[in-house]
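The next block holds one structure in the form of structure tokens; read it before the comments.
The values are calculated or read from the model by the stated rules, or taken from the named source; none is laboratory data. Please read these numbers as outputs of a predicted model, since none were measured by experiment. All Cβ positions, glycine included, derive from the backbone under ideal geometry; neighbour counts span all protein chains shown.
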Amino acid sequence: MLITIENMLTPEEVTQVRATLDGGSFVDGRHSTGLINDRLKTNEEFDRPGGKVTDADRIIGQAQSRVRDEFMRQTLFERPPFQKLCTRR
């Protein structure tokens, strides 16, 4: 399942992430899966030589933390749990 989160990255962060991706290379995604799934996986992945963490990884990780923290703050302190997430019709 894919979930869209609007404005997760600031415009400046998007520029920085794109610069990292534009300056790198991509490899066949099947290299990161086991033997069973290699026939199902048809994506490309950013090549991280030696598993090195990139600036893009750090920026996205920080954005994920911000979103998680905001979700928890809203869920725990601003409204009853799940009120906005689930609606009755």
Quiz item: Quick one: which of Ile3, Ile36 is within 17 Å of the chain's Cα centre (by Cα), more than 17 Å from Gly51 (Cβ to Cβ), modelled with pLDDT under 80 and hydrophobic (A, V, I, L, M, F, W, C)?
Solution: Ile3
Self-check item: Residue tally, condition of a type in the set (Lys, Arg) and surrounded by 12 or more Cβ atoms within 10 Å (Cβ to Cβ), over region 38-63
Solution: 3
